[in-house]
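Asks: Below are the structure tokens for one structure; questions will follow.
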Amino acid sequence: MMNTSSPTTPTRGVLFVHSAPSALCAHVEWAATGVLGGSTDMAWVPQLAEPGTYRAEVSWQAPVGTAAALASALRGWEKLRFEVTEEPTATSEGARYSYTPELGIFHAMTGLHGDVLIPEDRIKAFRVKAALGDITMDEALDGLLGVAWDAELEPFRHAGDGAPVRWLHQVI
């Protein structure tokens, strides 16, 4: 679906930094501040799933497309694992970006209840790959749903249960 919302249509989302080495925490905050404006002042807590790393969550309110900007600002950093979500609006789909150093970035459109929406053209492309024998249909579906990212991030998600969350509002 084409995004027809104006650049100032507000939405909400969450930046989940699942693991970052201490030396990277300030850089993550600077990158988030560059996208969100203001001061992020993230509450870092030890990540029990990977000793020596830290986790933080920031809830935000900003224009549609902010999740993509955050994911772009953070992707590619060694030893960083994160997810960014963006809620759908009346004129735009939601989004989820997942990143791990081993897998890179995964993007999915999401619906009202957070479920992954798969565009028709992506399904057709994977059907062709499966028909040619490049991948199995199960591998195609796993790729469309981001199964590998979920499997890698799940231990980090559970280790963050009960972590503090901060709300940030971007001036629009």
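The values are calculated or read from the model by the stated rules, or taken from the named source; none is laboratory data. What you are looking at is a predicted structure, and each value in this text was computed from that prediction instead of being measured. Methodologically, a virtual Cβ is constructed for each residue, glycine included, from the backbone with ideal geometry; neighbour enumeration extends over all protein chains shown.
Asks: So which residues in region 15-38 are closer than 13 Å to ARG55 by Cα and either of a type outside the set (A, V, I, L, M) or not in a helix (DSSP H, G or I) (or both), if there are any at all?
Replies: Hits for region 15-38 are LEU15, PHE16, VAL17, HIS18, SER19, ALA20, PRO21, SER22, CYS25, GLU29.
Asks: Are there any pairs with C-beta distances below 8 angstrom linking a residue in region 119-131 that is in contact (Cβ under 8 Å) with a residue 60 or more places away in the chain to a residue that is surrounded by 13 or more Cβ atoms within 10 Å (Cβ to Cβ) and part of a helix (DSSP H, G or I), with the two at least 6 apart or on different chains, and if so which?
Replies: none
Asks: Out of VAL58, VAL28, VAL35, I need the residue that is within 21 Å of GLU152 (Cβ to Cβ), touching a helix residue (DSSP H, G or I) at 6+ places or on another chain (Cβ under 7 Å) and surrounded by 20 or more Cβ atoms within 10 Å (Cβ to Cβ). Which one?
Replies: One residue alone meets the criteria, VAL28.
Asks: Here's something else I'd like to know. I'd like the full set of residues that are of a type in the set (A, V, I, L, M, F, W, C) and modelled with pLDDT under 95, limited to region 46-57.
Replies: Across region 46-57, the qualifying residues are LEU48, ALA49.
Asks: Separate question: Which residues, counting only those in region 68-126, are of a type in the set (Asp, Glu), at pLDDT below 95 and closer than 22 Å to TRP30 by Cβ?
Replies: Correct list: GLU78 only.
Asks: Which members of region 68-127 meet the condition of being basic (Lys, Arg) and assigned to a strand (DSSP E or B)?
Replies: ARG81, ARG96
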